[in-house]
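Undergrad: Structure incoming, see below.
The values are calculated or read from the model by the stated rules, or taken from the named source; none is laboratory data. Treat the numbers as computed from the prediction; the structure is a model and nothing was measured. Cβ atoms come from the backbone with ideal geometry, glycine included; neighbour counts cover every protein chain shown. Note: accessible area is taken over every heavy atom of the protein model, side chains too, but ligands, DNA and RNA are not part of it. Shrake-Rupley method; radii C 1.70, N 1.55, O 1.52, S 1.80 Å.
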Amino acid sequence: SQVQAYGVDGAEYIEHLSRLEVLAAWRTLGDGSGWLAFLREVDKAFPPLLHMLHLPIGAVLGHRAEDVLLAQPLWLAVLALAVALLTAALAASPRAVSAAACGVLLVPALQGFATRYYYDLPMTALLWLGLAVLMLGDRWSLWLRAAAGGLLLLLAALVKWQALPLVGISLAAVWWARGSVLSGPLRDARPAYLLPLVAGLICGLGTVLYLLAAGPYNSLLSMLRDVGAAPQADVPGSLEPSLSFGLVALDAKRLLFYPLRLISSVLSPLLALLALPL
């Protein structure tokens with residue numbers, strides 16, 4: 001029943017402490033402090049949405065570190081459901097839908113994240129759920145799909161800012177999957193560009209509004225500062241991060257890192273061998 005340890009010096013309790021700080025701020029919200037002050041208080045190294053989503057769960061299960069872990073397998077189930085919905089939109093095969101959902105549940109890295117309180121699994125679940133909503137059929141109107149999908153993508157970003165570049169990739173994939181604008185008459189191709197455009201505008205506008213409300217020292221700038229700072233540099237905490245293209249520069253070492261880490265840390269070597277023929 002213990003919290004899975006990772007890192008050193010009690011790192012497994014860092015997120016738990018952040019969640020309790022959000023809980024304390026939420027309980028004092030009724031004492032007259034406004035929403036803006038609450039938001040600025042709870043926006044720290046990461047945006048606070050994950051902790052806020054878990055507050056009602058903690059009210060039922062308890063607020064101890066080991067209690068809140070019981071909510072994490074639910075995020076894995078949401079991710080499997082989202083991938084199943086997306087598969088149903090792309091392939092009219094119940095067997096393919098079942099295989100995709102089961103495949104998600106069998107990925108060892110996702111099972112590992114489901115045993116600890118951290119941001120990556122909920123972020124990924126919301127990201128894929130938003131993508132699945134965008135790819136739903138015509139049973140929902142185009143505007144409803146775009147609005148709901150854009151809001152889900154925004155929620156993914158407000159769990160962890162790492163979702164923002166993934167949102168861009170996802171919207172490009174939706175554009176491609178729903179057909180090229182040049183492939184036919186404009187009226188037929190309209191959903192191909194309206195869906196990702198409206199969803200992207202909702203996600204982008206919501207992100208900007210959140211950052212304006214959070215103030216100049218927000219979690220996004222904090223993350224960029226940590227990523228962009230040189231390890232040997234003595235960077236003052238108030239220094240604005242340099243948004244240089246060095247953060248996304250591609251070299252052989254980075255290109256090799258991801259496929260090797262996919263084998264060793266996500267799928268496991270055995271599962272990677274089994275997936276290779278696919």
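Undergrad: Given the conditions (1) more than 18 Å from Leu86 (Cβ to Cβ); (2) at pLDDT 85 or above, report the number of the one that Pro185 does not fulfil.
TA: It is condition (2) that Pro185 fails.
Undergrad: Further question: What number of residues within the stretch 203-228 are at pLDDT 90 or above and either open to solvent by 50 Å² or more (accessible area, probe 1.4 Å) or on the phi > 0 side of the Ramachandran plot (or both)?
TA: Summing the residues that are at pLDDT 90 or above and either open to solvent by 50 Å² or more (accessible area, probe 1.4 Å) or on the phi > 0 side of the Ramachandran plot (or both) in the stretch 203-228 gives 4.
Undergrad: Let me ask something additional. Please go through the stretch 85-109 and pick out each residue that is part of a helix (DSSP H, G or I) and open to solvent by less than 40 Å² (accessible area, probe 1.4 Å).
TA: Leu86, Thr87, Ala96, Val97, Ala100, Ala101, Gly103, Val104, Ala109
Undergrad: Let me ask something else. Starting from residues that are free of Cβ contacts under 8 Å to residues at least 60 places away in the same chain and in a helix (DSSP H, G or I), keep the ones in the stretch 113-122 and report whichever is most open to solvent (accessible area, probe 1.4 Å).
TA: Across the stretch 113-122, the extreme among qualifying residues is Phe113.
Undergrad: I'd like the full set of residues that are open to solvent by less than 20 Å² (accessible area, probe 1.4 Å) and of a type in the set (Ser, Thr, Tyr), limited to the stretch 124-173.
TA: Correct list: Ser170 only.
Undergrad: Something else: What are the residues in the stretch 45-80 that are outside any helix (DSSP H, G or I) and surrounded by 16 or more Cβ atoms within 10 Å (Cβ to Cβ), if any?
TA: Phe46, Pro47, Pro48
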